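Taking it in order: structure first as structure tokens, then the write-up.
The values are calculated or read from the model by the stated rules, or taken from the named source; none is laboratory data. For clarity, every value in this text was computed on a predicted model and none was experimentally measured. Cβ coordinates were reconstructed from backbone atoms using ideal geometry, including for glycine residues, and neighbour counts include every protein chain displayed. These accessible areas exclude ligands, DNA and RNA; they are computed on the full protein's heavy atoms, side chains included. Shrake-Rupley method; radii C 1.70, N 1.55, O 1.52, S 1.80 Å.
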Amino acid sequence: MLRLADIAAEELAWTGPLVDDLLEKAVDESGRLDLLALSASPRGLIQRVNDEYLRRIMALGRSRTHRAAAVDGPDPGRRHRSASVLAGNLIAKKGYHTVSVGKTEAGAPAKPIPARPVLKRGITRVPELGISLRQQIGLAAPGPGDEQRGRAVFDYYAVANGMWVRTWREGDRFKPLGAPGSKKLQDFFVNQKVPQELRHRIPLVVAPGGEVLWVVGYRISDEVR
């Protein structure tokens, strides 16, 4: 046992700097652990980095359960209801490419912003999201890079009854451009790898009846092409 302890101490002496270096590279400015930065590393090293991350950032002990909660993690965007609940009222949450640790939420989830009409003339401001929309009527054609520029081209007659802007609501459905049928907007977000905490921050342009016409920054509906 003493010999084994000596070997472990020797291993820690030279692997410790590797862990420190990788951890420094893998933790982003918001304090999240970037899993992509660890993806090429051996499994044992990833476990060591995760263990040190929890110990340093959240002052937790070296619990194998805590380690597995963050390294293996729940499904993307979901909270693991058992292993991810840590000591000190903390929760480890695995996103698509990150692990974050923080206090368990005591309040209600983010609420959708109220719908407001998109003005046919002038600028429609959405201060809750920090955006503005301007509608133009005329001859235009969709082009590459429209979404990156925050631009979309609709068929005039498909939106002649007006448009509204709001955020995601439970039950929203969407027929993405080129898709054979509609799907739940939640499923579209999952396919696009939109983190759960950001889904209520994405503007939606909708018809008066609530049909989603444009997921801003992602795709327009096939119904308005």
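Taking the options Arg225, Arg201, name whichever one is within 21 Å of Pro112 (Cα to Cα) and open to solvent by 70 Å² or more (accessible area, probe 1.4 Å).
Testing whether each residue is within 21 Å of Pro112 (Cα to Cα) and open to solvent by 70 Å² or more (accessible area, probe 1.4 Å) leaves just Arg201.
May I ask you to verify whether Val194 is farther than 19 Å from Thr124 by Cβ, β-branched (Val, Ile, Thr) and open to solvent by less than 10 Å² (accessible area, probe 1.4 Å)?
On the way: farther than 19 Å from Thr124 by Cβ: yes; β-branched (Val, Ile, Thr): yes; open to solvent by less than 10 Å² (accessible area, probe 1.4 Å): yes.
Spelling it out, Val194 is indeed farther than 19 Å from Thr124 by Cβ, β-branched (Val, Ile, Thr) and open to solvent by less than 10 Å² (accessible area, probe 1.4 Å).
Which ones in the stretch 120-169 are of a type in the set (Val, Ile, Thr), farther than 24 Å from Leu198 by Cβ and at pLDDT below 90?
Ile137
Any chance you could count how many residues in the stretch 163-201 are without any contact (Cβ under 8 Å) to a residue 40 or more places away in the chain and not polar (S, T, N, Q)?
14
Scanning the stretch 133-142 for residues that are over 10 Å from Val165 (Cβ atoms) and of a type outside the set (Lys, Arg), which turns out most open to solvent (accessible area, probe 1.4 Å)?
In this case the residue turns out to be Leu139.
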